[in-house]
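To keep things clear, I will list the structure first and then write my remarks on it.
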């Protein structure tokens, strides 16, 4: 079971753990883990006030689906539920940018799955961050090139 | 023929619009398109080296969301996206 969505920060719908809880709460799973990415106030000695996230939505969703599909082989986790939502647009300090919720039968699977998903998203999903600083500057952060 | 390149991430700084249109010759390649974008930066941003680095390190994807190589031939009117180095989460 997989749920994926890009949440537009400028719209009414919010990124919320309660939605993940509703999706993942099933009697066949004994371990549920939530990874929540939030905006922190300092990066490379610069005082951050917020981040604007950009995303190529169709490719991002496709990458989430591919990551989910390959877990069967890579981690040998067949029974699982995965909830992934990522924000697009401006996010203030302490606010959530991503929620990855996973449910598995056992805790070792759930820890491994959660870690695997966030690391693969960092490497593969076309999402970009523009940091905004206290001195009113802003900067697109360097990332990983998909140009092989 | 005219093609459109949709802008993402740092490449959004290249224009106030969400895309830039380019006139390309049939059978030109993504490498040619990349060079045209560098020429665009030379012309419009006084050769901004940061912008050029972004273009050189970016991937391009077709309208069906597949990354295309520099050798990919543009044989019909189609749209592409520029995918600068990523880093979400």
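Of B:12, B:34, which residue is free of Cβ contacts under 8 Å to residues at least 40 places away in the same chain, over 28 Å from residue A:132 (Cβ atoms), in contact with a strand residue (DSSP E or B) (Cβ under 9 Å, 6 or more places away or on another chain) and within 14 Å of another protein chain (Cβ to nearest Cβ)? Working first, answer last.
Numbers: B:12 fails: over 28 Å from residue A:132 (Cβ atoms).
From the options B:12, B:34, the qualifying one is B:34.
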(message) Against the conditions (1) part of a helix (DSSP H, G or I); (2) within 18 Å of residue A:120 (Cα to Cα); (3) within 15 Å of the chain's Cα centre (by Cα); (4) in contact (Cβ under 8 Å) with a residue 24 or more places away in the chain, where does residue A:71 fall short? Just the number, please.
(response) (3)
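Could you tell me which residue of region A:100-119 is surrounded by the most Cβ atoms within 10 Å (Cβ to Cβ), considering only residues that are within 11 Å of chain B (Cβ to nearest Cβ) and touching a strand residue (DSSP E or B) at 6+ places or on another chain (Cβ under 7 Å)? Let's see the steps before the verdict.
Going residue by residue through region A:100-119, those that are within 11 Å of chain B (Cβ to nearest Cβ) are A:100, A:117-119.
Narrowing the set further to residues that are touching a strand residue (DSSP E or B) at 6+ places or on another chain (Cβ under 7 Å) leaves A:100, A:117-118.
Details: A:100: 24, A:117: 22, A:118: 17.
The extreme case among them is A:100.
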(request) Kindly list the number of the only condition in (1) under 20 Å from residue B:67 (Cα atoms); (2) in a helix (DSSP H, G or I); (3) touching a strand residue (DSSP E or B) at 6+ places or on another chain (Cβ under 7 Å) that fails for residue A:128. (result) (2)
(message) With the requirement that a residue be out of contact with any helix residue (DSSP H, G or I) (no Cβ under 8 Å at 6 or more places or on another chain) and surrounded by 12 or more Cβ atoms within 10 Å (Cβ to Cβ), what does region B:22-38 give you?
(response) B:28, B:29, B:30, B:31, B:32, B:33, B:35, B:36
(request) Output the residue which, of all residues in region B:71-89 that are surrounded by 21 or more Cβ atoms within 10 Å (Cβ to Cβ) and within 9 Å of another protein chain (Cβ to nearest Cβ), is nearest to residue B:3 (Cα to Cα). (result) B:81
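Can you tell me which of B:68, B:5 is in contact with a strand residue (DSSP E or B) (Cβ under 7 Å, 6 or more places away or on another chain), at pLDDT 95 or above and surrounded by fewer than 20 Cβ atoms within 10 Å (Cβ to Cβ)? Before the answer, list the steps.
Details: B:5 fails: surrounded by fewer than 20 Cβ atoms within 10 Å (Cβ to Cβ).
Criteria check complete, one pass: B:68.
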(message) Test of understanding: among A:47, A:5, A:19, A:14, which residue is exposed (fewer than 14 other Cβ atoms within 10 Å of the Cβ), at pLDDT 95 or above and touching a strand residue (DSSP E or B) at 6+ places or on another chain (Cβ under 8 Å)?
(response) A:47
(message) Could you go through region A:64-71 and let me know if any residue there is buried (at least 16 other Cβ atoms within 10 Å of the Cβ), at pLDDT 95 or above, under 19 Å from residue B:8 (Cα atoms) and within 14 Å of chain B (Cβ to nearest Cβ).
(response) yes
(request) Could you please find all residues in region A:26-49 being over 17 Å from the mean Cα position of the chain (by Cα) and either in contact (Cβ under 8 Å) with a residue 12 or more places away in the chain or within 14 Å of chain B (Cβ to nearest Cβ) (or both)? (result) A:26, A:28, A:29, A:30, A:31, A:41, A:43, A:44, A:46, A:47, A:48, A:49
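Those residues that are without any contact (Cβ under 8 Å) to a residue 24 or more places away in the chain and in contact with a helix residue (DSSP H, G or I) (Cβ under 8 Å, 6 or more places away or on another chain), I need them from region A:74-98; list them, please.
Residue satisfying the conditions is A:78 alone.
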(request) Test residue A:122 against the stated conditions and say whether it is assigned to a helix (DSSP H, G or I), at the interface with chain B (Cβ under 10 Å from one of its Cβ atoms) and surrounded by 15 or more Cβ atoms within 10 Å (Cβ to Cβ). (result) yes
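Anything in region A:131-148 that is away from chain B (no Cβ under 14 Å) and either assigned to a loop (DSSP other than H, G, I, E, B) or within 28 Å of residue B:66 (Cα to Cα) (or both)? List them, or say none. Don't jump to the end; show me each part of the working.
Quick first cut of region A:131-148, residues away from chain B (no Cβ under 14 Å) only: A:132-136.
A:134, A:135, A:136 - these are the residues of region A:131-148 that are away from chain B (no Cβ under 14 Å) and either assigned to a loop (DSSP other than H, G, I, E, B) or within 28 Å of residue B:66 (Cα to Cα) (or both).
The values are calculated or read from the model by the stated rules, or taken from the named source; none is laboratory data. From a predicted model like this one, the values you see are computed outputs, not experimental measurements. Reconstructed Cβ throughout: ideal geometry from the backbone, glycine too, with neighbour counts over all protein chains shown.
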